Amino acid sequence: MENFDFLLGMNIWYDILLAVNSICKIMQSKDMHIDVAIDHLRGLITYLKNYRENGFAFALESTKEMTIEMDIEPKFNEKCKIHRKKYFDDIVSDE
């Protein structure tokens with residue numbers, strides 16, 4: 001839980017799943033009409049397109065605020081570079 005990458009991922013998933021779940025609950029009602037369902041799905045698609053463009057920045061800012069409150073440093077962890085052992089018969093190439 002004290003990992004900025006993890007908290008950012010959880011924040012993004014929460015936003016997306018909250019939107020999808022609310023549409024899913026509406027569509028499960030007994031008196032749902034197909035035209036209303038199509039309108040809700042179009043609204044969800046619009047939300048997801050908007051989230052693709054602006055949502056990451058918003059999620060990043062809200063996660064930074066959350067981690068500051070939790071006394072966690074708001075930065076991404078750098079991945080370790082994998083070093084491959086070289087043998088005497090290996091061909092040198094820039095991979």
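The values are calculated or read from the model by the stated rules, or taken from the named source; none is laboratory data. Keep in mind that what you see is a predicted model, and the values were worked out from it rather than measured. Quick reminder, even Gly has a Cβ in these numbers, built from the backbone with ideal geometry, and neighbours come from all protein chains shown. To get the accessible areas, we keep the full protein, side chains included, count just its heavy atoms, and leave off ligands, DNA and RNA. Shrake-Rupley method; radii C 1.70, N 1.55, O 1.52, S 1.80 Å.
In region 27-48, the condition of being at pLDDT 90 or above and touching a Leu at 6+ places or on another chain (Cβ under 7 Å) is met by no residue.
Beta carbons closer than 6 Å, at least 6 apart along the sequence or on distinct chains, pair a first residue in region 63-74 that is in a loop (DSSP other than H, G, I, E, B) with a second that is open to solvent by 100 Å² or more (accessible area, probe 1.4 Å) for ILE72/GLU2.
Taken over region 1-59, the criterion of being open to solvent by 70 Å² or more (accessible area, probe 1.4 Å) and of a type in the set (Ser, Thr, Tyr) is satisfied by TYR14, THR46, TYR47.
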